[in-house]
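Just below is one structure, and these are the notes that go with it.
The values are calculated or read from the model by the stated rules, or taken from the named source; none is laboratory data. In this text the structure is predicted, and so the values were computed from the model without any measurement. Please note: Cβ atoms are built from the backbone with ideal geometry, for glycine as well, and neighbour counts cover all protein chains shown.
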Amino acid sequence: MAPKFGTSGLRGRVTDLTPALVQAYVVAFLRACPTGTGVFVARDLRDSSPQIAADVIAAVQAMGVAVHDCGAVPTPALALAAMRAGAGAVMVTGSHIPADRNGLKFYTPVGEITKAEEAAILAARAQQDIAPTPPGRLTTADPAPDFMTRYVTAFGASVLSGQRIGVWSHSAVGRDLLIETLGALGAEVVEIARAAQFIPIDTEAVSAEARALLTRAAAEHRLDAIASTDGDGDRPLLADATGQVIPGDILGQMTAQMLGAQAVVTPISSNSGVMDLGFAQVIRTRIGSPFVIEGMAGLQAQKPGLKVVGYEANGGFLLGFDAQGPCGPLPALMTRDSHLPIIASLVLAGSGGLAARVAQEPQRFTAADRLSDVPTQRTAALVARLSTDRAAQAAFLSGFAGEALAQIDLTDGLRLILHSGRVVHLRPSGNAPELRLYTEAETPAIATALRDTGLTLLRASL
């Protein structure tokens with residue numbers, strides 16, 4: 001599958017991400033988007049990332065632009081450092097996809113690139129001539145200390161005192177930073193299962209093996225919670241004292257409440273319980289952080305000063321206003337962040353524990369998973385057929401005992417809303433050979449059963 005450029009930047013197989021292709025996209029980014037004082041570059045812990053980062057740096061320098069090599073740090077730490085310096089940024093990461101794939105994420109001095117900037121980058125790819133110019137200056141930078149200080153300043157050095165928190169390190173690029181940050185907030189931290197090789201972790205579809213590991217670790221180490229992230233550190237994973245994973249959209253709801261948000265922007269795939277939490281406005285968008293950012297910007301344009309936040313079902317949280325933590329300021333950060341929802345949820349739960357606090361949220365529960373390595377053309381064709389063919393819809397829903405269709409939502413993919421109020425939502429990935437399945441119901445067990453049934457039916461159909 002050829003590399004694709006879209007909602008999550010550029011992604012493709014490592015063998016296809018040649019120096020020439022990387023250079024083409026970096027040059028297009030520099031021509032199409034503002035980068036201010038230069039470009040900050042960082043990478044995740046995949047074996048392929050150091051070389052691709054070197055290719056990015058060479059391409060930036062060839063354009064005569066100053067570049068700051070940040071090494072291996074989480075995406076939100078890179079973005080924060082670049083924004084504070086008034087610079088652009090490129091993160092080398094494939095996020096949660098397998099190690100044989102990788103990619104690039106692009107940032108302007110104000111945050112993640114928008115959908116309009118994506119289109120401009122694609123248009124600029126037609127101009128690949130590079131005029132001779134003196135190479136841009138190369139320096140190094142470490143964004144990690146300032147990123148940790150951000151949270152200690154806002155929440156205080158003792159806010160997590162008395163909590164024994166596990167950190168599932170696996171191959172997350174920010175594992176050491178997460179351990180250090182939770183410790184700086186007063187927690188007793190226990191590291192779990194550091195990996196030498198890259199392991200793809202999807203916080204939106206946590207595997208049965210990973211869930212079993214978390215359950216064992218919670219009991220073995222007598223933990224109050226377990227925290228982790230995906231590979232590049234912009235999506236959180238948080239489990240309670242039993243090792244039960246808390247869905248990312250629930251973390252988003254809780255964080256929005258703690259920060260006093262007035263408005264929330266979240267994709268259509270997120271838990272609909274957010275509609276019952278009393279926010280002045282809730283906007284549901286297509287799936288992907290650029291759509292969330294677009295929705296947030298629209299609200300802020302209509303109502304300057306509005307306290308607006310965004311989050312996705314994977315837990316990535318975007319802070320659109322200068323908030324106030326328990327101990328100090330928490331400036332806006334318009335990119336997906338994993339640290340904020342982890343810390344805010346732990347603080348909000350307090351000594352009562354995460355499970356008790358989550359039980360206070362509206363009783364709507366989601367489950368998600370995906371079919372991998374399925375051609376996009378086939379998945380798109382299946383979803384298109386189920387979107388328009390009533391006989392195909394009826395045949396598919398017959399596999400869900402006693403369920404009947406009430407309405408269809410085509411905001412992004414195919415969202416089947418059933419008479420019971422339950423939801424089955426199909427969406428082909430835009431940049432990977434995957435078919436995503438999201439379900440929602442009134443209990444976790446029913447949401448999981450819907451998901452498992454749906455995956456079985458989809459496998460048979462494909």
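Counted as qualifying within segment 306-395 are the helices (runs of 4 or more DSSP H) with 2 or more residues that are under 17 Å from the mean Cα position of the chain (by Cα) and touching a residue at least 60 places away in the same chain (Cβ under 8 Å), namely 339-349. Residue-level analysis places Thr215 among those that are β-branched (Val, Ile, Thr), surrounded by fewer than 18 Cβ atoms within 10 Å (Cβ to Cβ) and either touching a Ser or Thr at 6+ places or on another chain (Cβ under 6 Å) or free of Cβ contacts under 8 Å to residues at least 40 places away in the same chain (or both).
The residues of segment 404-422 that are touching a residue at least 60 places away in the same chain (Cβ under 8 Å) and more than 22 Å from the chain's Cα centre (by Cα) amount to a single one, Asp409.
For the condition part of a strand (DSSP E or B), in contact with a Phe, Trp or Tyr (Cβ under 9 Å, 6 or more places away or on another chain) and of a type in the set (Gly, Ala, Ser), what is the one hit in Gly88, Gly71? Can you show your working first?
Working: Gly71 fails: in contact with a Phe, Trp or Tyr (Cβ under 9 Å, 6 or more places away or on another chain).
Gly88 is the lone residue from the list that is part of a strand (DSSP E or B), in contact with a Phe, Trp or Tyr (Cβ under 9 Å, 6 or more places away or on another chain) and of a type in the set (Gly, Ala, Ser).
So, in segment 396-405, exactly how many residues are out of contact with any Leu (no Cβ under 8 Å at 6 or more places or on another chain) and either polar (S, T, N, Q) or assigned to a helix (DSSP H, G or I) (or both)? It would help to see each step written out before you state the result.
The initial filter retains those residues of segment 396-405 that are out of contact with any Leu (no Cβ under 8 Å at 6 or more places or on another chain), namely 398, 401-402.
Imposing the further condition that a residue be either polar (S, T, N, Q) or assigned to a helix (DSSP H, G or I) (or both) reduces the set to 398.
Final tally of qualifying residues: 1.
Determine whether Val26 is touching a residue at least 40 places away in the same chain (Cβ under 8 Å) and assigned to a helix (DSSP H, G or I). Considered against the rule, which asks whether it is touching a residue at least 40 places away in the same chain (Cβ under 8 Å) and assigned to a helix (DSSP H, G or I), Val26 comes out as yes.
Just one of (1) surrounded by fewer than 13 Cβ atoms within 10 Å (Cβ to Cβ); (2) closer than 24 Å to Ser270 by Cα fails for Ile417. It is (1). Of all the numbered requirements in (1) free of Cβ contacts under 8 Å to residues at least 60 places away in the same chain; (2) touching a Phe, Trp or Tyr at 6+ places or on another chain (Cβ under 9 Å); (3) surrounded by fewer than 18 Cβ atoms within 10 Å (Cβ to Cβ), Ala20 misses one, and that requirement is (2).
Report whether or not Ser420 is of a type in the set (Gly, Ala, Ser) and closer than 18 Å to Thr285 by Cα. Break it down into steps so the answer makes sense when it comes.
On the way: of a type in the set (Gly, Ala, Ser): yes; closer than 18 Å to Thr285 by Cα: no.
Judged against the criteria, Ser420 is not a match.
Tally the residues that are of a type in the set (A, V, I, L, M) and either assigned to a loop (DSSP other than H, G, I, E, B) or not assigned by TED's automatic domain parsing to the domain that holds Glu209 (or both), restricting the search to segment 231-261.
Residues of segment 231-261 that are of a type in the set (A, V, I, L, M), as a first pass: 237-239, 241, 245-246, 250-251, 254, 256, 258-259, 261.
Now drop any that are not either assigned to a loop (DSSP other than H, G, I, E, B) or not assigned by TED's automatic domain parsing to the domain that holds Glu209 (or both), which leaves 241, 259, 261.
Looking only at that region, the number is 3.
Selection within segment 220-238: residues that are more than 10 Å from the chain's Cα centre (by Cα) and among the charged types (D, E, K, R). The member of this set that is surrounded by the fewest Cβ atoms within 10 Å (Cβ to Cβ) is Arg222.
Going by what's in this entry, would Pro34 be described as over 26 Å from Ser372 (Cα atoms) and in a loop (DSSP other than H, G, I, E, B)? Let's see the steps before the verdict.
On the way: over 26 Å from Ser372 (Cα atoms): yes; in a loop (DSSP other than H, G, I, E, B): yes.
Yes: the conditions hold for Pro34.
With respect to (1) closer than 28 Å to Gly166 by Cα; (2) in contact with a helix residue (DSSP H, G or I) (Cβ under 7 Å, 6 or more places away or on another chain), the lone exception for Gly352 is condition (2).
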